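Right, one structure below, let's go through it.
The values are calculated or read from the model by the stated rules, or taken from the named source; none is laboratory data. Remember, it's a predicted structure, so these values are computed and weren't measured experimentally. Cβ placement follows ideal geometry from the backbone for every residue including glycine, while neighbour counts extend to all protein chains displayed. These area figures cover heavy atoms from the full protein model, side chains too; ligands, DNA and RNA do not enter into them. Shrake-Rupley method; radii C 1.70, N 1.55, O 1.52, S 1.80 Å.
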Amino acid sequence: MVSRVIPVNAFDLVLFGATGDLARRKIWPGLFHRFLAGQFADDSRIIGVSRSDLSRADFQAKVSAAISSAHDGDKDKISAFLDLIDYVSVDAAGDRGWDNLEAATRSDVIQAFYLSVAPKFFGAIARRLRDRGIATEESRIVVEKPFGHDLASARTLNAELRACFQEHQIYRIDHYLGKETVQNLMALRFANSLFEPLWNASHIDHVQITVSEKLSVDGRGEYYDQSGAMRDMVQNHLMQLLCLTAMEPPSKFTPNAVRNEKLKVIEALEAVESSDIARGQYRASGDQGSYRDHSGNDKSITESFIGLKVNVANWRWAGTPFYLRTGKCLRERLSEIAVYFRNPPHMIFPGLDVPQGNVLVIRLQPDEGMTLHTTIKDPGPGGMRLTEASLDMTFADSLKDAERPQDAYERLIMDVIRGDQTLFMRGDEVEAAWAWADPIIADWTDRNLKPQQYDVGSSGPEDSLLLMHRDGRRWRPIGN
Ligand code: BG6
């Protein structure tokens, strides 16, 4: 059997924020899985960087704890992985530690600097990497969201990074782009001839994009209260899902060809009417605190839910709305894109109930996969009756026993090393998304608009249901 793991060339990955939450939860376990899969060249190295004054052994113990909680791998493999890891204590905004970092990095292998730190440090770190000659013209720099708070701050971050690195060196992570199904959406659309002729307003009635979470904001309320669902989820993750669903086929599968088409979608978005937006905030229920308890702000008017209707004003989509919703403390954890095809133009089965038109549901989580809802004859005797049947495909079923689905971060980090920017946001894309989101948020601020309360474990506020109802449509249920 031919291995599907394609090894990458030797690299130095320098991880700033190496003891932080994201590193512990996602980056270290992800790197360990890629190591176990045999993807690293022998002389690859990972250099953890943080402010803390830790010995290499202390730091390795922390990494070991992070990977052990995510993976009960055997001790020899963990110890072989730890051998690749070094640690340097650096003051990102000051001068301490940079000489040591310089001494620890090599310029004759692929170099990636991953800034898993607050955006206020991006500029300072980029400048020092350049001024001290640690980064080269070939180095890659990776940054995490939030990429700005609005258009102005995103422009500042872009300017700071571009002063030291060129756009082709900058990898802006939106981890939704690393999810298996998101890439499958491109394969589905552009590697099959079945769907694309139907993928337009003549055949599609509307599209629903849902990212529903059960989690509250407890533990990160301070950050979240400055952000809200619009900035935290819609401007980035849901926007990317919308782009991949709505974009024109790129002429080739190259980073800029794909990103040019996504940018055109964002630029084609109409301004959203305030009547097409439902904003919600979860209230207390049982022993579960309210959003205001969790954010520590008892007057907060930040939204923990948003539902909105978005129009893509171009030839392909005019007349086919995209409904987006996302929220915390909802009934289930569920992310999906549901494409509702129009009903047949003429129904030849008079008096028969047609259960529903065709719906293609692309599931991101849980159980990544796809379901196509179709209408068939109800099997068996009893005359001509119609019923609904689903063609169902769960991607995990197609993996071989030994394989496990890759986490988004694993794929994205390996793409950085490979030098493939397709699944990363370009600077102009991020700015265009803020240019669309800013007036929506500004309107709430100007009007001091209070979100509607909703129950924990529900599908969001009443206004969200009304938003659909008004258009004669219904959201797909979130859970049973
Ligand atoms: C993050 C948001 O970007 O994405 C979080 O800041 C959110 O609020 C998370 O919970 C959702 O990611 P996933 O992969 O769990 O759907």
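Some values worked out for this structure:
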| item | result |
| --- | --- |
| Entries of 77/145; 26/299; 145/252; 214/264 with Cα pairs more than 29 Å apart | 77/145; 26/299; 214/264 |
| Orientation-averaged projected area, Cα convex hull of region 59-210 (nm²) | 14.0 nm² |
| Accessible surface, region 425-471, averaged per residue in Å² (probe 1.4 Å) | 46 Å² |
| For residue 48, residues with placed amide H under 5 Å, excluding near neighbours | 15, 86, 87, 88 |
| For region 430-440, Karplus couplings with θ = phi - 60° (6.51, -1.76, 1.60), whole Hz, Gly/Pro x | 4, 5, 5, 5, 5, 4, 6, 6, 3, x, 5 |
| Under 5 Å, built H, 5+ apart or other chain: amide partners of residue 456 | 283 |
| For region 249-264, 3J(HN,Hα) per residue [Karplus equation, 6.51 cos²θ - 1.76 cosθ + 1.60, θ = phi - 60°, Hz, x = Gly/Pro] | x, x, 6, 8, 8, 10, x, 6, 5, 5, 6, 4, 5, 5, 4, 4 |
| For the chain, Kirkwood radius (reciprocal of mean inverse C-alpha pair distance, Å) | 24.2 Å |
| Helical mean residue ellipticity (222 nm; -39500 (n - 2.57) per DSSP H run of 4+; nearest 500) of the chain | -9000 deg cm²/dmol |
| HN-Hα J in Hz across region 365-374 - Karplus 6.51, -1.76, 1.60, θ = phi - 60°, x for Gly and Pro | 6, x, 6, 3, x, 9, 10, 10, 7, 10 |
| Prolate/oblate/rounded call for region 339-480, Cα gyration tensor, a/c under 1.5 rounded | oblate |
| Alpha-carbon centroid distance for the pair region 206-235 / region 323-338, whole angstrom | 10 Å |
| Accessible area of region 47-200 divided out per residue, in Å², using a probe of 1.4 angstrom | 45 Å² |
| Probe 1.4 Å, accessible area per residue of region 310-414, Å² | 50 Å² |
| Amide H contacts under 5 Å for residue 365, placed H, 5+ residues apart | 335 |
| Charge sum, other residues only, whose C-beta stays under 15 Å from residue 421's C-beta, Lys/Arg counted +1 and Asp/Glu -1 | +1 |
| Accessible area of the chain belonging to carbon and sulfur atoms, whole % at 1.4 Å probe | 50 percent |
